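The values are calculated or read from the model by the stated rules, or taken from the named source; none is laboratory data. This one's a predicted model, so the numbers in the text were calculated from it and none came from an experiment. Cβ: placed from backbone, ideal geometry, glycine included. Neighbour counts: every protein chain shown.
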Amino acid sequence: MSSVSTELILPPSLSTSRRDALIEVASRNEGAHGSDLLGLVLSGSVGRGLDTHRSDLDVYVVLTDEGAHGRSTMKSTTIDEIPVALSELEDVPSFGSDGWWYRWSFAWAPVLLDRTGGRLAPLLERQATVSETEAEEILVVHDRLDGWINYAYRALKNDRDGRALERRLDAAESVPWLLDTVFTLAGRVRPYHKYLPWELREHPLPGWEADALLSLLEATLDGDPAAIRATFARVEDACATFDSARGEPLLAPIVEGWGDELSLLRGGATRPRC
């Protein structure tokens, strides 16, 4: 047995064939890179316990800059081997950049091998979380909060005016903006859709019961005005909590900036201004 195989920490739920495949990946990279091999991370469905017999292994091979130079992803029917330099993990791509979409791939992903002295797990967590500064940029500079309110408002206006198809289209369009908003308010990068129900149940968002949010999302996709209004009320409360933690209003002025139009979003109810 190679030295690297004794260092591996493999999830106990793995089948024998997958354990053997990961040991082979580790041994091969050890032979190819030696001390330039810094770690292995298991992402994808297998890493999160959602695999089926069709699932492949998504393995990030963490290397020094020198070791990662010139390497590209290796794909087969059973394994995707993705090289990543440690310096890339230390760099946190901003919202809207090419690297943003990949940040969630490190969320809740088990570290199989770490030769960095324990640096890998915190780096993965940082990739999958949103700082307060990032939250302000996402919600305000990139307009994810106001954009979601806009689509929600348009859906309700179409409902008011008897435009059923248009209501459903705007409601469906609002969902990505909504997910960006609620996950950002919780300080997290939103997951890929495939993993959304799993994450909400296994790692709940503060203030959101998993089944309640999933039900609201499904109803919103159907263009249900009651679901849109119920979601608006929950998001408005979450914005108030976010502002309270900051000590000054940042999101309340965006909401209140809708003025009299809020009556449509609130279903006629009035709320005190912050």
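Brief remarks follow.
- Residue match in the range 148-168 (condition: among the charged types (D, E, K, R), assigned by TED's automatic domain parsing to the domain that holds P225 and closer than 30 Å to G49 by Cα): no
- Residue in the range 230-237 that is out of contact with any helix residue (DSSP H, G or I) (no Cβ under 7 Å at 6 or more places or on another chain), hydroxyl-bearing (S, T, Y), at pLDDT 95 or above and on the phi < 0 side of the Ramachandran plot present: no
- Residue-level check: of (1) over 19 Å from E199 (Cβ atoms); (2) without any contact (Cβ under 8 Å) to a residue 40 or more places away in the chain; (3) charged (D, E, K, R), R126 misses just (1).
- L42 being outside any helix (DSSP H, G or I), surrounded by 15 or more Cβ atoms within 10 Å (Cβ to Cβ) and in contact with a strand residue (DSSP E or B) (Cβ under 8 Å, 6 or more places away or on another chain): yes
Results for (1) outside the structural domain of L112 (by TED's automatic domain parsing); (2) within 31 Å of the chain's Cα centre (by Cα); (3) in contact (Cβ under 8 Å) with a residue 24 or more places away in the chain, shown as yes or no for each residue.
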residue: L10; (1), (2), (3): no, yes, yes
residue: S15; (1), (2), (3): no, yes, no
residue: R18; (1), (2), (3): no, yes, yes
residue: I23; (1), (2), (3): no, yes, no
residue: H33; (1), (2), (3): no, no, yes
residue: D36; (1), (2), (3): no, yes, yes
residue: L40; (1), (2), (3): no, yes, yes
residue: S43; (1), (2), (3): no, yes, yes
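- All positions within the range 8-41 that are touching a helix residue (DSSP H, G or I) at 6+ places or on another chain (Cβ under 7 Å) and closer than 24 Å to G70 by Cβ: A26, S27, E30, H33, D36, L37, L38, G39, L40, V41
Conditions tested, residue by residue: (1) touching a Pro at 6+ places or on another chain (Cβ under 7 Å); (2) under 25 Å from L179 (Cα atoms); (3) in the same structural domain as N29 (by TED's automatic domain parsing).
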{"site": "E88", "(1), (2), (3)": "no, no, yes"}
{"site": "T116", "(1), (2), (3)": "no, no, yes"}
{"site": "P122", "(1), (2), (3)": "no, yes, yes"}
{"site": "I138", "(1), (2), (3)": "no, yes, no"}
